[in-house]
Amino acid sequence: MNATRTAHILIVDDSLKNIQLLGSILRDRQYEISVAQNGKQALQILDTAGALPDLILLDVMMPEMDGFETCQRLKADPKTEDIPIIFLTAKVELDDIVHG
């Protein structure tokens with residue numbers, strides 16, 4: 001990331017409450033924010049984006065395409081494979097944590 005540029009974070013979550021909370025915190029810290037409400041929308045945004053985000057905050061439990069499948073697709077695409085991803089989840093089962 002260039003020191004003169006604000007970091008860009010993509011929030012992918014189906015909960016508007018979570019998006020509002022994360023967005024508010026991150027904007028207060030001067031981050032540029034993009035939002036997708038599901039995995040398919042995130043992939044579409046990234047496919048057409050001129051500039052890719054520096055980080056993706058990715059919910060695990062979403063309709064249509066969960067966070068795990070979204071992550072697999074992102075890591076399989078040379079264009080997005082190097083973008084760091086942080087999973088956001090309320091899941092606490094060991095299998096889910098290991099899967100992530």
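The phi-based Karplus calculation (6.51 cos²θ - 1.76 cosθ + 1.60; θ = phi - 60°) puts the 3J(HN,Hα) values of segment 38-46 at 6, x, 4, 5, 4, 4, 5, 4, 5 Hz, whole numbers, x for Gly and Pro.
Of the solvent-accessible surface of segment 41-86, computed with a 1.4 Å probe over protein heavy atoms with every protein chain present, carbon and sulfur atoms account for 52 percent. Amide H to amide H, with H built 1.01 Å from N, Ile33 comes under 5 Å of Ile9, counting only residues 5 or more places away or on other chains. On full extension, the segment bounded by Asp77 and Ile45 gains 10.1 nm, given 0.36 nm per residue less the C-alpha separation.
The values are calculated or read from the model by the stated rules, or taken from the named source; none is laboratory data. Worth saying up front: this structure is predicted, and the values here are computed from it rather than measured. Areas reflect the complete protein model, heavy atoms only, side chains present, ligands, DNA and RNA absent. Shrake-Rupley method; radii C 1.70, N 1.55, O 1.52, S 1.80 Å.
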